[in-house]
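A short worksheet on the structure shown next.
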Amino acid sequence: MDKQLKTKLIQLGLFVVTLITTTFAGAEWTRGKFLIFGITWDDFLFGFNFSIPFLFILTVHEFGHYFTARYHKINVTLPYYIPMWFGFVGMASLGTMGAFIRIKESIFSRVKYFDVGVSGPIAGFVVAFALLVYGFQSLPETEYIYEMHPEYELFGENFEERMEGLDTLILKKDLNSERLLYEALQDTIDTSRKGAVFFGDNILMYLGRTYFAPNDRYVPSSRELMHYPILLAAYLAFFFTALNLLPIGQLDGGHVMFGLFGPKNHAIISRVMFSGFLFYAGLGWVTTADLANSSIESIGNFLISIAIYLVVVYWSAYSVFKQKRDRLLYATVMFTVQFFVASIFNVEGYTGWLLFSILIGRFIGVDHPPVVDNSPLSTGRKILGWVALVIFILSFSPQPLVIEGL
């Protein structure tokens with residue numbers, strides 16, 4: 001078989017598998033159950049409401065890179081999609097790790113790096129934003145959420161507000177009917193919320209709830225977003241857009257920074273942004289509160305947590321410092337400052353970002369490849385670069401995925 005044909009068949013096969021896995025993931029999120037726990041054919045078909053818009057945004061993003069590279073006559077492949085699904089073991093996933101194109105030759109121009117880097121996120125963002133508006137404009141009636149949560153119907157259309165203040169409501173009114181309702185539903189509510197997953201807002205989701213949604217429709221909170229497939233697809237697209245636009249290393253945002261500010265400034269900005277990202281990620285990993293119990297077990301767990309965190313930061317610093325001694329010093333200083341800041345000001349970051357810190361610092365790198373042609377960007381490209389930075393700010397969520405009780 002011709003090698004080129006074989007490659008295209010692999011790419012097509014990966015896309016088909018990814019379509020299936022994201023459809024399963026969409027069914028699981030929206031219907032609140034997994035394949036091994038009774039997902040039906042109708043549930044699977046409903047999952048296309050998530051997989052089609054989500055993969056459409058992802059495809060537009062990748063082809064933004066692809067067509068820009070072709071415009072600059074850069075040898076590049078069609079997208080490779082990466083399926084990833086854990087529903088068969090009862091674990092939530094998105095059905096994919098995204099997609100990528102392979103650039104099969106070196107790029108020696110600062111302008112070309114910028115063009116290829118900025119085109120994908122902006123193209124995908126435009127589609128995601130359009131879907132965000134459509135998703136809020138076409139919200140179903142409140143009865144839709146009752147299909148997933150029948151217990152909500154007993155509280156009426158303001159069920160979220162009443163459930164949040166349920167204890168206070170009962171203490172004030174002490175009505176037998178409401179007390180009975182509380183006792184009957186408390187186990188259900190506690191069970192559904194303990195370990196529940198919800199998506200942390202970004203600026204765009206806040207704007208959507210405030211300005212895009214009709215007043216006479218139920219507007220889902222971050223706790224119920226997963227039941228609304230188009231909004232979920234848009235939110236996750238913003239999440240991946242923000243990750244890609246982190247102004248670090250060879251991420252799309254790193255290419256944008258390299259184009260806007262040049263190699264010397266990029267090296268400084270990239271390291272500062274990476275350190276800030278890592279600092280926020282580790283805030284609250286351990287604090288003085290972890291030593292409230294002075295038992296041997298508590299102290300042992302405290303020391304183990306410190307050791308694990310130092311290893312994580314040490315690994316993350318591989319592309320920042322070449323010497324082992326410098327990486328160890330970096331990890332020690334980072335932890336010490338984080339520990340005192342979190343303990344004194346009672347602030348907490350998002351440990352989920354530590355995985356991305358390792359990925360960037362250990363494998364992708366914080367530096368940018370040098371170029372031969374270091375010509376500065378045109379005015380139009382500079383404006384586009386700043387637009388990309390605004391998109392990053394609008395799309396970024398400090399805590400994108402939160403599990404209650406952890």
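The values are calculated or read from the model by the stated rules, or taken from the named source; none is laboratory data. As the structure is a computational prediction, the values presented were derived from the model and not from experiment. Because the Cβ atoms are built from the backbone with ideal geometry, glycine has one as well, and the counts that use them run over all protein chains shown.
Taking (1) surrounded by fewer than 23 Cβ atoms within 10 Å (Cβ to Cβ); (2) not in a helix (DSSP H, G or I) in turn, residue 277 satisfies each apart from (2).
Within the group 18, 23, 68, 59, which residue is in contact with an Asp or Glu (Cβ under 9 Å, 6 or more places away or on another chain), in a helix (DSSP H, G or I) and either modelled with pLDDT of 85 or more or at positive phi (or both)? Steps first, answer last, please.
Values: 18 fails: in contact with an Asp or Glu (Cβ under 9 Å, 6 or more places away or on another chain); 23 fails: in contact with an Asp or Glu (Cβ under 9 Å, 6 or more places away or on another chain); 59 fails: in contact with an Asp or Glu (Cβ under 9 Å, 6 or more places away or on another chain).
None of the others qualify; the one that does is 68.
Figure legend. Inter-residue proximity from the range 385-406: first residues within 26 Å of residue 261 (Cβ to Cβ), second residues modelled with pLDDT of 95 or more and of a type in the set (D, E, K, R), beta-carbon distance below 9 Å, spacing 6+ or different chains. Indicated pairs: 388/252.
Among the residues of the range 205-218, those that are assigned to a loop (DSSP other than H, G, I, E, B) and surrounded by 18 or more Cβ atoms within 10 Å (Cβ to Cβ) comprise 213, 218.
When the range 314-353 is filtered for residues that are free of Cβ contacts under 8 Å to residues at least 40 places away in the same chain and surrounded by 18 or more Cβ atoms within 10 Å (Cβ to Cβ), the ones remaining, listed by number, are 314, 327, 330, 331. Among the residues of the range 343-384, the ones that are within 16 Å of residue 257 (Cβ to Cβ) and part of a helix (DSSP H, G or I) come to 6 in all.
At least 2 residues being at pLDDT below 90 is the threshold, and among the helices (runs of 4 or more DSSP H) wholly inside the range 82-183 those reaching it are 143-148, 159-164, 166-173. Checking the stated criteria, residue 356 turns out to be out of contact with any helix residue (DSSP H, G or I) (no Cβ under 6 Å at 6 or more places or on another chain), within 24 Å of residue 401 (Cβ to Cβ) and of a type in the set (Phe, Trp, Tyr).
Of the listed requirements (1) surrounded by 15 or more Cβ atoms within 10 Å (Cβ to Cβ); (2) in contact (Cβ under 8 Å) with a residue 12 or more places away in the chain, residue 106 misses just one: (1).
Pairing each residue of the range 124-149 that is without any contact (Cβ under 8 Å) to a residue 12 or more places away in the chain with any residue that is crowded, with 19+ Cβ neighbours inside 10 Å and assigned to a helix (DSSP H, G or I), provided the two are 6+ apart or on different chains, yields C-beta distances under 7 Å for 146/152.
Within this structure, residue 73 fails the test of being surrounded by fewer than 19 Cβ atoms within 10 Å (Cβ to Cβ) and under 26 Å from residue 228 (Cα atoms). Scanning the range 278-305 for residues that are touching a Phe, Trp or Tyr at 6+ places or on another chain (Cβ under 7 Å), modelled with pLDDT of 85 or more and hydrophobic (A, V, I, L, M, F, W, C) yields 281, 285.
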